[in-house]
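Structure first, then comments.
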Amino acid sequence: MIFTILNWGNDTTIAVAAVVLSFAAIIIGVYFNNKTFKHYKRHNILSVAPILDTSTHTDDTEGFTKLRISIINEGLGPALLYSIMFKLKDNEFVDSNDVMQLFIDEYGESSLKWTSARGLIEYTNFVIGPSKHYNLIGIDFKAGVDKKVVQDFLKDVKIRILFKNIYKQKGKMFHRLYS
């Protein structure tokens with residue numbers, strides 16, 4: 001009916017219909033291509049996401065106890081750490097040595113040898129690769145030290161790690177230092 005008003009012939013009508021269908025196909029194709037691209041990008045981001053956790057290892061040999069607390073990346077992508085904080089009660093610490101000093105002040109136990117990951121804390125942008133770990137804290141107990149007291153103290157210490165993945169997306173890990 002509209003074609004009669006415009007005085008178009010059959011050839012013109014077919015040509016206009018073909019152009020309209022072509023533009024519709026292009027618009028639909030671009031829409032679904034964009035949607036698919038977003039899904040692929042999300043898939044790629046999630047497939048290389050770092051998953052951080054803490055790991056505890058205790059070694060009892062010759063009357064001497066070694067306790068190691070590590071950060072482990074259980075994901076498939078690297079984690080770029082840019083902030084580490086320790087929290088105990090209402091206090092926040094950047095250095096785990098301050099946490100140990102609080103323990104010594106509270107319990108008077110200076111016969112522990114405490115080593116911390118100063119390099120990790122002082123230098124930002126530290127990378128932990130997939131399936132890799134980094135020793136965060138090491139505690140060596142001398143004979144006669146009640147390790148249960150230290151372990152109970154460490155259960156109250158929380159750690160917060162802020163990190164980025166390879167796509168510069170931010171992530172965070174909150175965990176008890178010892179569980």
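Taking amide H as placed 1.01 Å from N in the peptide plane, the amide H of residue 126 sits under 5 Å from that of 81, each at least 5 places away or on another chain.
Each peptide among 148-154, 65-71 gets the average number of other Cβ atoms lying within 10 Å of its residues, and from highest to lowest they stand as 65-71, 148-154.
Scanning residues 5 or more positions from residue 77 or on other chains, those with amide H under 5 Å from its amide H are 49, 51, with H placed 1.01 Å from N in the peptide plane. If you plug the beta carbon distance of residue 168 and residue 66 into 1/(1 + (r/R0)^6) with R0 = 35 Å, you get a FRET efficiency near 0.40. Using only the alpha-carbon atoms of segment 2-47 as identical scatterers, what base-10 log of I(q)/I(0) does the Debye formula give at q = 0.19, 0.25 Å⁻¹? The computed values of log10 I(q)/I(0) come out as -0.68, -0.84. What FRET efficiency do you get for residue 156 and residue 58 if R0 is 25 Å and r is their Cβ-Cβ distance, rounded to the nearest 0.05? So, using R0 = 25 Å, E works out to roughly 0.85.
Each peptide in 129-136, 7-14 gets a packing score, the mean of other Cβ atoms within 10 Å over its residues, and the list from highest to lowest is 129-136, 7-14.
For segment 122-179, the C-alpha radius of gyration sits at 1.47 times the compact-globule guess of 2.2 N^0.38 Å, with N the residue count. Each principal axis of the chain carries a Cα extent, and these read 104, 33, 26 Å when sorted largest first.
In the chain, helical runs assigned H by DSSP with n ≥ 4 each contribute -39500 (n - 2.57); averaged across all residues and rounded to the nearest 500, the mean residue ellipticity at 222 nm is -12500 deg cm²/dmol.
Taking 0.36 nm per residue of separation and subtracting the current Cα-Cα distance, fully stretching the chain between residue 104 and residue 51 would add 15.8 nm. Taking 0.36 nm per residue of separation and subtracting the Cα-Cα distance, full extension of the segment from residue 176 to residue 127 would add 15.5 nm.
Karplus-based coupling profile of segment 151-168, in residue order and whole Hz: 5, 5, 5, 5, 5, 8, 8, 10, 10, 10, 10, 9, 8, 10, 9, 5, 8, 6, with θ = phi - 60° in 6.51 cos²θ - 1.76 cosθ + 1.60 and x standing for Gly or Pro.
No value in this document is a laboratory result; all are computed from the given coordinates. Just so we're clear, the structure is a prediction, and the values are computed from it rather than from any experiment. Because the Cβ atoms are built from the backbone with ideal geometry, glycine has one as well, and the counts that use them run over all protein chains shown.
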